[in-house]
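Visitor: Quick one: the structure is below, and I'll ask about it shortly.
The values are calculated or read from the model by the stated rules, or taken from the named source; none is laboratory data. Quantities reported herein were computed from a predicted structural model and do not represent experimental measurements. Quick reminder, even Gly has a Cβ in these numbers, built from the backbone with ideal geometry, and neighbours come from all protein chains shown. The accessibility values were calculated without ligands, DNA or RNA, using every heavy atom of the protein model including side chains. Shrake-Rupley method; radii C 1.70, N 1.55, O 1.52, S 1.80 Å.
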Amino acid sequence: MERDSAQILAIRALGWMAGEPPVWDAFLAASGADAGQVRAEAGQPQMQRAALSHVMREDDWVRACAAALGVPPEDLAMAAALLEGPGGRNWT
């Protein structure tokens, strides 16, 4: 997966979340952002990482988002890992 594809998928995931009130409300609460800020920053890598990270918190969300976007769930995980970068995860 290319970085551009990962970014597009993250923006699409944001759109999916906006249509899912429980997921959306949890994202806004966790991020401290409001809908206007999310909309304004959707093109920014930090917001894209936050969106995918949030979707990845719950298996049901991953499956529902992937189904709605017509992608395999693994694509969401791959996009999240790509946008996070090599220094973003600590596996120890």
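Visitor: Does ALA66 satisfy the condition of being open to solvent by 40 Å² or more (accessible area, probe 1.4 Å) and either without any contact (Cβ under 8 Å) to a residue 12 or more places away in the chain or closer than 19 Å to GLU2 by Cα (or both)?
Guide: It is false that ALA66 is open to solvent by 40 Å² or more (accessible area, probe 1.4 Å) and either without any contact (Cβ under 8 Å) to a residue 12 or more places away in the chain or closer than 19 Å to GLU2 by Cα (or both).
Visitor: Could you list, in sequence order, the residues of region 1-22 that are of a type in the set (A, V, I, L, M) and in a helix (DSSP H, G or I)?
Guide: Listed by number, the residues that qualify are ALA6, ILE8, LEU9, ALA10, ILE11, ALA13, LEU14, MET17, ALA18.
Visitor: Of the residues that make up region 74-92, is at least one polar (S, T, N, Q), modelled with pLDDT under 95 and crowded, with 16+ Cβ neighbours inside 10 Å? Spell out how you get there, then give the answer.
Guide: Step one: of region 74-92, the residues polar (S, T, N, Q) are 90, 92.
Retained after the next criterion (residues that are modelled with pLDDT under 95): 90, 92.
Then keep just the ones that are crowded, with 16+ Cβ neighbours inside 10 Å; that gives none.
Checking region 74-92: not a single residue is polar (S, T, N, Q), modelled with pLDDT under 95 and crowded, with 16+ Cβ neighbours inside 10 Å.
Visitor: Condition first: closer than 15 Å to GLU20 by Cα and in contact (Cβ under 8 Å) with a residue 40 or more places away in the chain. Now tell me which residues in region 30-60 satisfy that.
Guide: The answer is ALA51, LEU52, VAL55.
Visitor: Which one of these is open to solvent by 70 Å² or more (accessible area, probe 1.4 Å) and either modelled with pLDDT under 95 or in contact with a Phe, Trp or Tyr (Cβ under 6 Å, 6 or more places away or on another chain) (or both): ARG12, ARG39?
Guide: ARG39
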